[in-house]
1. Would you kindly identify the helices (runs of 4 or more DSSP H) lying entirely within the stretch B:58-154 that contain at least 2 residues that are within 14 Å of another protein chain (Cβ to nearest Cβ)?
2. Looking at the stretch A:29-64, which of its residues are of a type in the set (D, E, K, R), surrounded by 20 or more Cβ atoms within 10 Å (Cβ to Cβ) and under 12 Å from A:Leu6 (Cβ atoms)?
3. Of all residues in the stretch A:20-53 being of a type in the set (Gly, Ala, Ser) and on the phi > 0 side of the Ramachandran plot, which is modelled with the lowest pLDDT?
4. Given (1) closer than 29 Å to A:Ala209 by Cβ; (2) at the interface with chain B (Cβ under 9 Å from one of its Cβ atoms), where does A:Leu6 come up short, assuming only one miss?
5. Could you give every pair whose Cβ atoms fall below 7 Å, whose first residue belongs to the stretch A:197-215 and is assigned to a strand (DSSP E or B), and whose second residue is of a type in the set (S, T, N, Q), counting only separations of at least 6 or pairs across chains?
6. Sort through A:Phe70, A:Phe89, A:Phe26 and tell me the only one that's surrounded by 22 or more Cβ atoms within 10 Å (Cβ to Cβ), within 30 Å of A:Gly243 (Cα to Cα) and of a type in the set (Phe, Trp, Tyr).
7. Pick from B:Gly154, B:Gly150, B:Gly141: which is on the phi > 0 side of the Ramachandran plot and either open to solvent by 10 Å² or more (accessible area, probe 1.4 Å) or among the charged types (D, E, K, R) (or both)?
8. Which of the following residues is farther than 30 Å from A:Gly41 by Cβ and out of contact with any Pro (no Cβ under 9 Å at 6 or more places or on another chain): A:Lys135, A:Lys179?
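The values are calculated or read from the model by the stated rules, or taken from the named source; none is laboratory data. Note that the structure is predicted; figures quoted are calculated from it, not measured. Counting neighbours? That spans all protein chains shown, and the Cβs are built from the backbone with ideal geometry, glycine included. Note: accessible area is taken over every heavy atom of the protein model, side chains too, but ligands, DNA and RNA are not part of it. Shrake-Rupley method; radii C 1.70, N 1.55, O 1.52, S 1.80 Å.
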Amino acid sequence: MSEVILKVAGLTKSYGKLDVLTGIDFELKKGEVVCVIGPSGSGKSTMLRCLNLLESPDGGRIELEGREVFGEGKPKDLDALRRELGMVFQQFNLFPHMSARENVTIAQRKVRGRDKAAADERAMDLLTKVGLADKIDEYPDRLSGGQQQRVAIARALAMDPQIMLFDEVTSALDPELVKGVLDVLRGLADMGMTMVCVTHEMNFARDVADRVIFMDGGVIVEQGKPADVLGNPQQERTQQFLGLVLDH
Amino acid sequence: MGEFFNTFFDFQIMGDNLGDAFTAFWWTIKLSLISGALALVWGLILAVLRQLPGRPLAPIRWLTIAYIDAFRGIPLLLVILLTSGGLGTLASQDVIPRDLGIPQWFGLPDPFWYGVIAITITYGAYMAEVYRAGIEAVPRGQMEAARSLGMSHGQAMRNIIVPQAIRKVIPPLLNDFIALMKDTALVSVLGLVEMVQLGSDVYSETYNPSVYVLGAAFFLVVTIPLARLVDWMIKRQEQKFQRGIP
């Protein structure tokens, strides 16, 4: 729980004249669960997407296990980075022309070079863990949003990433489907997975996170233990935001 | 009235030339299938080249766009004449090998192959635009999900984007194929006795256009079912869409 696995320094990103990230610094330790909260437009999703370079930052550095993967405005080792970081999206983004099994095996085979039997075995194992063993041959259009999201989690886990990134993974779900997905995330956290979750689920952040980061205006305003940041915020902007989201 | 009818529907002349009509239409079919298949592949290659990512590959994108713009803007008839005139002349001056300049591959005559080449390069440009629409209709998140799993741009295109894009564009591609089939008639200008050239030949002998009408009937026998098939596929896709299936 002490070894730093991911280090971000001075990360900036703008779209034309709009500065979305104005200097992000943080470290992620192995096994740590970090929840990122903040108002919409605060840059939290962009920050997450910059971590695995789905968005290219304009400046700053990213180090993975002491190795520079982004610096001087360009990626250094994109493949290594994406191999080690799994990502789950708000809109699931399952491949609609493939069954749940194929969704989970395609990258294992094409990227990891596993044979069909090994990839299938891993898919079965992971889909069982997320409670979808019986849906393995279904196509995404036959699955509920919650089920699709759990397949998407299995798909990312199948690549054996060291870090998992979750980008508002329950925001597109009907309320009754949220719990199933959060339970999977809790299970992962309990197993010691290193996780960064951008989320609006404050109870989840309070229960599961080792650290909560509050972002606003493209910077990290405040961070610390969930009880401190959520229960006794020091910064005015954090207090305002929590006042709006916690009182109902 | 009888005169009018006999001008277009002289069954005597049609019957006399029925055997030749089947032979001629067989050329039309061969031209359509071979250039259609090649244009399908060439169009997909162009569409993928046009979508290559990153700044270093920009020249390839520009060249592809220039190619597509050029051949969408030039009449096919001109391309056919340029192909046969150009290749033939280059071969006779020994600039290019004879086998390339006057192609008689698989024992088929050179006008046939000039037609295949011209139709392929022209319809490849049309079909590239259809594929492009299909590729652009695949949600952005699909590419992001594939890339986040560590796939390269090429792997993501091949396994994730193009398979979805093709499903979306099968009906418009079939529409282009119908247009292509009709445009094979232009190869008659090189003297290949396909359906239209046969009509001309018979007309100049008999001064009766009935074999043109026979040719039209042959085309319709193939194109009408294809048009119905396209409509049926579009309707089926719409129903799927209404049920919320991507």
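1. Result: B:110-137, B:140-148.
2. A:Glu32
3. Just the residues of the stretch A:20-53 that are of a type in the set (Gly, Ala, Ser), to begin with: A:23, A:31, A:38, A:40-43, A:45.
Checking which are on the phi > 0 side of the Ramachandran plot leaves us with A:23, A:31, A:38, A:41, A:43.
Values: A:Gly23: 91, A:Gly31: 94, A:Gly38: 93, A:Gly41: 87, A:Gly43: 91.
Looking at residues that are of a type in the set (Gly, Ala, Ser) and on the phi > 0 side of the Ramachandran plot, I get A:Gly41.
4. For A:Leu6, the exception is condition (2).
5. As it stands, the answer is A:Val198/A:Ser45; A:Arg211/A:Gln223; A:Val212/A:Gln223; A:Ile213/A:Gln223; A:Phe214/A:Gln223; A:Phe214/A:Thr238; A:Met215/A:Ser42, since those pairs meet every condition given.
6. Numbers: A:Phe70 fails: within 30 Å of A:Gly243 (Cα to Cα); A:Phe26 fails: surrounded by 22 or more Cβ atoms within 10 Å (Cβ to Cβ).
After applying the criteria, what remains is A:Phe89.
7. On the way: B:Gly154 fails: on the phi > 0 side of the Ramachandran plot; B:Gly141 fails: on the phi > 0 side of the Ramachandran plot.
It is B:Gly150.
8. On inspection, the qualifying residue turns out to be A:Lys135.
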